[in-house]
Amino acid sequence: MSAEVAVTPAVPSGVQRAPVDTRLASLRAIYIIWYRDILRFWRDRWRLVASLTQPLLFLVVFGSGLSSSLQGSASFGAGRLSYIQFMYPGIIGMAILFSAIFGAMSIVWDREFGFLKEVLVAPIDRSAVAIGKALGGTTQAMIQGLILLVLAPFVGVKLSLLTVLTMIPLAAVMAFGLSSLGVALASSMKSMQGFQVVINFLMMPMFFLSGALFPLSGLPGWMAVLTRIDPASYGIDPLRRVVLSESGLPSAVIDKLGLTINGQVLPIPVEVGIMLAFGIVMLAIAVISFKRRD
Amino acid sequence: MAETVIQAHGLVKRYGELEAVRGIDLEVKGGEIFGFLGPNGAGKSTTISILCTLLTPTAGTARVAGIDVMHDPAGVRQRIGLVFQDPSVDGELTGRENLEFHAFIYSVPAAVRRQRIDEMLELLQLTDRAGSQVRTYSGGMKRRLEIARGMLHEPEVLFLDEPTLGLDPQTRQSIWNHLNELRARKGITIFMTTHYMDEAEYCDRIAIIDRGKIVALGTPDQLKAMVGGDVVTMTSSQPDAAVREITELLGVTPSRENGTLRMEVADGKAFVPRLVRELMAPVDTVTLRRPSLDDVFVKLTGHAIRDEEAGTKDQMRMMGRAWMGRRR
């Protein structure tokens, strides 16, 4: 060791350290947990590209296939709206749903690889961990959904600047609600097996019942109930209304395609409110669950 | 610095019927390297987890850095650094990013964040690779990164649970050099567990733990003195006759381990010539050595540290880790 090397004196035992402001500490922790997720998200570009293939497949194959057979159907405004145009906002919702759930599942991944331990032993409030994770998932899911806006010209959807600007907060709220759901599920999950269960028995049914692929009107009673329970329905409907408002369809037709409860059309702010409330409840469950485990 | 940094009194941890820790008392002074030595399942990890506030004891009290582990676990965690048995770094982030993450969640002031990260990278010789993703690191580099990370918030005690497990001997040596340098530069107290006897020799003081209890505590030399002189081992084609003659003629009772006779004598250099000269039974081989901590362990517990068993267990752990990086 050379003489030049600075020797930092150790902090003697029992000496009072500058007290740490716990609220500030929580904010810092939320920020860095969020930032780590974003960093990993950008670093994993392959995933970003791969995540585009599934929506594309749905739009091109499923959408084109059904468009021709549903051409002129009364429920799609008697030919003024193609099925692919109807489906497009639903697929944006699908991307948000899938990536929100997958994003939150990184918690299970972190547990498997030991990193979660580093986070959980830190002298921070556990709620910061849940919030940071939920916000990280929200940001990723929002980006994954909104990136599909570049496909609009290919499916014959016109987007104005106002439409895009309106969709950003709508996508964010949906992403928040579903990411919080994912974090709540992942917080008490011990293994990757549970992850498969969530995908098969929760995420896929949520997608099929969300109104992403078909209008939620005129359904059999039991299915109508399930679609109204599905939180994703309340995220996709506002997106669709905003996109379709540009299509020149009469609003009566748009309302008919949308989400109703007891025959009442739900206004967008109510749907947003439901989604936001759902997200907050899920986040609260996630916080409790994180605080409980060792 | 001679003040007590770790103090445990009557620690007990029960899991239902199983008593993993059965009344542990210990004191560690500031600036010490304290080793917790024992076979797998002796209660080492349980004890270190209690001291780190990761487990609550069934009974007993402990203070770390002047703070009660039961009353203010967050306060303790802010003052200790942790290096877990299994890797806990994010392989997708770079080394520097892993350290930045830690600096944030441990509230390292922004003004010194960069400087401390640089200093720790330098100290653990990771500066060159700080910008590479951690998944490209070797096992030893990951360990060094975890040590750097544990030191970042300037803890008073660094806890390491089996820090050299699964590393090759050369890497183990370098980890030890780094720990010694950290102590010299930072005056930090180091508390570590190991089941490698040879490693325990680097510690200032050692507690030998077996079946949940401390069976001996002292410096490596003090512990070796408990064996009483030198260790002589010999083999003979007529072991029964040899045992009888040694007991009668030389006044020592040898113990038998797999056909080898082992005895502890005060002055080995004088004993060996007598052994060869006076024994009628054939003496095939003789060794003479200073006692090792292995001998201490055998003497105190009546059994070897079961290294072989530990070996297979570790191998399985390593395989498990390679598959899914999972603990337990």
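Just so it is clear, none of the values below were taken in a lab; they were calculated from the coordinates. These figures come from a predicted structure and were not determined experimentally. Ideal geometry is used to build each Cβ from the backbone, glycine not excepted, and the neighbour counts take in all protein chains shown.
For B:T58 and A:L120, what is the calculated FRET efficiency with R₀ set at 30 Å and r taken between the beta-carbons, to the nearest 0.05?
On the way: r = 22 Å, r/R0 = 0.73.
Working from the Cβ atoms, E equals 0.85.
For peptide B:154-166, compute the average count of partner chain beta-carbon atoms within 10 Å of each residue's beta-carbon.
Details: counts 4, 2, 7, 1, 0, 0, 0, 0, 0, 0, 0, 0, 0.
So the per-residue partner count for this stretch is 1.
Would you please classify the overall shape of region B:48-198 from the alpha carbon gyration tensor, given that a ≥ b ≥ c denote the square roots of the eigenvalues, rounded means a/c under 1.5, and beyond that prolate means a/b larger than b/c while oblate covers the rest?
Details: a/c = 1.75, a/b = 1.27, b/c = 1.38.
Since a/c reaches 1.5 but b/c is at least a/b, the shape of region B:48-198 is classed as oblate.
Return the distance in nm (one decimal) between the two label points of a simple spin-label model at B:D267 and B:T235, each offset 7 Å from Cα along Cα→Cβ.
3.0
FRET efficiency for B:Q222 and B:T285, Cβ-Cβ distance as r, R0 = 25 Å, nearest 0.05? List each step's numbers first, then the result.
Numbers: r = 31 Å, r/R0 = 1.23.
Calculated value: 0.25.
So what is the relative contact order for region B:165-257, in percent, with contacts set as C-alpha pairs under 8 Å and at least six apart? Provide the component values of the computation, followed by the final result.
Values: 41 pairs, mean separation 10.4, N = 93.
Over region B:165-257, the number comes to 11 percent.
If you build the convex hull over the alpha carbons only and average its shadow over all orientations, what do you get for the protein assembly as shown? Give it in nm² to one decimal. Numbers along the way, then the final one.
On the way: hull surface 145.8 nm².
That works out to 36.5 nm².
Shape of region A:116-183 from its Cα gyration tensor (a ≥ b ≥ c, root eigenvalues): rounded if a/c is under 1.5, otherwise prolate when a/b > b/c, or oblate?
Details: a/c = 4.12, a/b = 3.14, b/c = 1.31.
It is prolate, given that a/c is not under 1.5 and a/b is the larger ratio.
Convex hull over the Cα atoms of region B:228-290, averaged projected area in nm²?
Values: hull surface 14.7 nm².
The directionally averaged projection comes out at 3.7 nm².
Using +1 at the Cβ of each Lys and Arg and -1 at the Cβ of each Asp and Glu in region A:111-264, identify which of A:G235, A:V157, A:I199 lies farthest towards the dipole's positive end.
A:I199
For chain B, just say rounded, prolate or oblate: build the C-alpha gyration tensor, square-root its eigenvalues into a ≥ b ≥ c, call rounded for a/c under 1.5, and beyond that prolate if a/b exceeds b/c, oblate if not.
Values: a/c = 2.31, a/b = 1.93, b/c = 1.20.
Judged from the Cα gyration tensor, chain B comes out prolate (a/c at least 1.5, a/b above b/c).
Taking 20 Å as the cut-off for C-alpha to C-alpha distance, list the pairs among A:K291/B:K13; B:K186/B:K224; A:K117/B:K186; A:K190/A:K291; B:K224/B:K299; A:K133/A:K291 that go past it. Show your work: numbers first, answer last.
Working: A:K291/B:K13 22 Å; B:K186/B:K224 30 Å; A:K117/B:K186 26 Å; A:K190/A:K291 15 Å; B:K224/B:K299 10 Å; A:K133/A:K291 14 Å.
Among A:K291/B:K13; B:K186/B:K224; A:K117/B:K186; A:K190/A:K291; B:K224/B:K299; A:K133/A:K291, the Cα-Cα distance tops 20 Å for A:K291/B:K13; B:K186/B:K224; A:K117/B:K186.
Between B:E181 and B:T127, what FRET efficiency follows from the Cβ-Cβ distance if R0 is 22 Å, with the result rounded to 0.05? Spell out each step's value before the answer.
Details: r = 15 Å, r/R0 = 0.68.
Taking R0 as 22 Å, the efficiency between B:E181 and B:T127 is 0.90.
For chain A, what relative contact order do you get, as a whole percent, if you take Cα pairs closer than 8 Å and at least 6 residues apart? Walk me through the intermediate numbers first.
Details: 369 pairs, mean separation 70.6, N = 294.
The normalised contact order for chain A reaches 24 percent.
Suppose every K and R has +1 on its Cβ and every D and E has -1 on its Cβ; what is the size of the dipole of the protein assembly as shown about the Cα centre, in Debye to the nearest 20? If you can, show how the numbers build up before the last one.
Working: 64 positive and 59 negative charges, 350 e Å.
That gives a dipole near 1680 debye.
Sorted from fewest to most neighbouring beta carbons within 10 Å, what does the list A:R40, A:R23, A:R241 look like? Numbers along the way, then the final one.
Working: A:R40 18, A:R23 10, A:R241 23.
Going from sparsest to densest Cβ surroundings: A:R23, A:R40, A:R241.
Pull up all non-local amide H partners of B:A216: gap of 5 or more, or a different chain, and H-to-H distance under 5 Å with H placed in the peptide plane.
Amide H to amide H, under 5 Å and 5 or more residues apart or across chains, B:A216 pairs with B:I208.
When Cβ neighbours within 10 Å are restricted to other protein chains, what is their mean count per residue of peptide B:96-108? List each step's numbers first, then the result.
On the way: counts 0, 6, 3, 0, 4, 10, 4, 2, 11, 17, 7, 12, 1.
Across the residues of B:96-108, the mean count of other-chain Cβ atoms within 10 Å is 6.
Using the Karplus equation 6.51 cos²θ - 1.76 cosθ + 1.60 (θ = phi - 60°), what ³J(HN,Hα) coupling, rounded to whole Hz, does each residue of region B:131-137 give in order, writing x for Gly and Pro?
x, 8, 5, 5, 5, 8, 7
Run the helix sum for the protein assembly as shown: -39,500 (n - 2.57) per DSSP H stretch of 4+ residues, divided by residue count, reported at 222 nm to the nearest 500 deg cm²/dmol.
On the way: 26 runs with 316 residues, N = 622.
After summing the helix terms and dividing by the residues of the protein assembly as shown, the value is -16000 deg cm²/dmol.
Set Lys and Arg Cβ to +1 and Asp and Glu Cβ to -1, take the dipole of the protein assembly as shown about its Cα centre, and tell me which of A:A95, A:W222, B:M226 lies farthest positive.
Highest projection toward the positive end goes to A:W222.
Where does helix A:161-187 land angle-wise versus the long Cα axis of chain A, in degrees 0 to 90, nearest 10?
Once rounded, the angle reads 60 degrees.
Using Cα atoms only, what is the angle between the long axis of helix A:22-43 and the major principal axis of chain A, expressed in degrees (0 to 90) to the nearest 10?
Approximately 60 degrees, to the nearest ten.
So if I place +1 on the C-beta of Lys and Arg and -1 on the C-beta of Asp and Glu, and nothing else carries charge, what would the dipole magnitude of region B:4-219 be about its Cα centre? I want it in debye, nearest 20. Intermediate results must be reported in sequence, preceding the final value.
On the way: 25 positive and 28 negative charges, 43 e Å.
Rounded to the nearest 20 debye, it is 200 debye.
Assuming 0.36 nm per residue, please report the length gained on full extension of the stretch A:I261 to A:R80 beyond their Cα-Cα distance.
Details: separation 181, 0.36 × 181 = 65.16 nm, distance 2.59 nm.
Answer, rounded to one decimal: 62.6 nm.
What's the angle, to the nearest 10 degrees (0 to 90), between helix A:126-146's Cα axis and the longest principal axis of chain A?
Its long axis makes an angle of about 40 degrees.
What dipole magnitude, in Debye to the nearest 20, does region B:228-290 give about its Cα centre under +1 on Lys/Arg Cβ and -1 on Asp/Glu Cβ?
Here the size comes out at about 180 debye.
Tell me, A:F208, A:F98, B:F159 in order of fewest to most beta-carbon neighbours within 10 Å? Provide the component values of the computation, followed by the final result.
On the way: A:F208 17, A:F98 22, B:F159 25.
Final ranking by Cβ density, sparse to dense: A:F208, A:F98, B:F159.
Return B:E181, B:E154 ranked ascending by Cβ neighbour count within 10 Å, so the fewest neighbours appear first. Could you put the intermediate results ahead of the total?
On the way: B:E181 13, B:E154 18.
Going from sparsest to densest Cβ surroundings: B:E181, B:E154.
If I model a spin label as a point 7 Å beyond the Cα along the Cα-Cβ vector, how far apart are those points for A:A284 and B:E27 in nm?
5.1
What's the local net charge at B:R290, with K and R +1, D and E -1, over the other residues with C-beta under 10 Å away? The partial results should precede the final answer.
Values: positive: B:K224, B:R289; negative: B:D230, B:D295.
Around B:R290, the charge tally is 0.
Residue by residue through region B:29-42, what is 3J(HN,Hα) from phi via Karplus (6.51 cos²θ - 1.76 cosθ + 1.60, θ = phi - 60°)? Round to whole Hz and write x for glycine and proline.
8, x, x, 7, 9, 10, x, 10, 10, x, x, 4, x, 7
Would you give the gap between the C-alpha center of region B:244-265 and the C-alpha center of region B:96-115, rounded to a whole Å?
After rounding, the separation between the Cα centres reads 60 Å.
Would you pull out the residues with amide H under 5 Å of A:L159's amide H, same chain only if 5 or more places away, H placed 1.01 Å from N?
Under 5 Å from the amide H of A:L159: no residue qualifies.
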